[in-house]
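Peer 1: Have a look at this one.
The values are calculated or read from the model by the stated rules, or taken from the named source; none is laboratory data. No experiment lies behind these values; they were computed from the predicted model shown. Note: ideal-geometry Cβ built from the backbone for every residue, glycine included; neighbour counts use all protein chains shown. When the accessible area is computed, the model is the full protein with side chains, heavy atoms only, and any ligands, DNA or RNA have been set aside. Shrake-Rupley method; radii C 1.70, N 1.55, O 1.52, S 1.80 Å.
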Amino acid sequence: QVQLVESGGGLVQPGGSLRLSCAASGIIFSINVMGWYRQAPGKQRELVATITSGAATNYADSVKGRFTISRDNAKNTVYLQMNSLKSEDTAVYYCNLHIATLNYWGQGTQVTVSS
């Protein structure tokens, strides 16, 4: 059984930075896509960024230039460095692992950007 454990959320002022981490455990195939999604109150879950096992990345337009996704394949861990945070980045952030036709989700970590 695959498990995803997120950490690093919290409260930060506008313009500040946070780094999210997500560690995957269980049977994980080497070819996969890991990513981050977020869901704000009253809104649908949306893609933030993804990264393939070959390190190809994809970002939502709203975070390009501010967020950076990276991964450590040896540790099955994905990171999201978030800089220049805005109030509209406030949401629950979910880690995702996509293997073939399967999707796995973490429990979510709250990110609140407020002064």
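Peer 1: Search region 41-64 for residues being in contact with a helix residue (DSSP H, G or I) (Cβ under 8 Å, 6 or more places away or on another chain) and farther than 24 Å from S25 by Cβ, and hand back the single one that is most open to solvent (accessible area, probe 1.4 Å).
Peer 2: S62
Peer 1: Taking the residues in region 75-103 that are hydroxyl-bearing (S, T, Y) and either under 9 Å from the mean Cα position of the chain (by Cα) or within 26 Å of V2 (Cα to Cα) (or both) as candidates, determine which candidate is most open to solvent (accessible area, probe 1.4 Å).
Peer 2: Our first condition is that a residue be hydroxyl-bearing (S, T, Y); within region 75-103, this holds for 77, 79, 84, 87, 90, 93-94, 101.
Add one more test, that the residue is either under 9 Å from the mean Cα position of the chain (by Cα) or within 26 Å of V2 (Cα to Cα) (or both), and what stays is 77, 79, 93-94, 101.
Working: T77: 15, Y79: 39, Y93: 0, Y94: 38, T101: 126 Å².
Per the stated criteria, the residue is T101.
Peer 1: List the residue pairs whose Cβ atoms are under 8 Å apart, where the first residue sits in region 40-58 and is over 17 Å from R71 (Cα atoms), the second is of a type in the set (D, E) and loosely packed, with under 14 Cβ neighbours inside 10 Å, and the two are 6 or more positions apart or on different chains.
Peer 2: Final answer for the pair search is A40/E88.
Peer 1: So, restricting to strands (runs of 3 or more DSSP E) that lie completely within region 8-115, which ones have at least 3 residues that are of a type outside the set (A, V, I, L, M)?
Peer 2: Working: elements: 10-12, 18-25, 33-39, 46-52, 57-59, 67-72, 77-82, 91-99, 102-105, 109-113.
Ranges flagged: 18-25, 33-39, 46-52, 57-59, 67-72, 77-82, 91-99, 102-105, 109-113.
Peer 1: Next question. Show the residue pairs meeting these rules: Cβ distance below 6 Å; 6+ apart or different chains; first residue within region 1-22 and open to solvent by 30 Å² or more (accessible area, probe 1.4 Å) and among the basic types (K, R); second residue at pLDDT 95 or above and not in a loop (DSSP other than H, G, I, E, B).
Peer 2: That search, which allows pairs on different chains as well, returns R19/Q81.
Peer 1: I've got another one for you. Could you figure out which of (1) modelled with pLDDT of 95 or more; (2) open to solvent by 30 Å² or more (accessible area, probe 1.4 Å); (3) of a type in the set (A, V, I, L, M, F, W, C) isn't true of F67?
Peer 2: (2)
Peer 1: So, I28, is that one of a type in the set (A, V, I, L, M), under 13 Å from H98 (Cα atoms) and surrounded by 12 or more Cβ atoms within 10 Å (Cβ to Cβ) or not?
Peer 2: Details: of a type in the set (A, V, I, L, M): yes; under 13 Å from H98 (Cα atoms): yes; surrounded by 12 or more Cβ atoms within 10 Å (Cβ to Cβ): yes.
Answer is yes for this residue.
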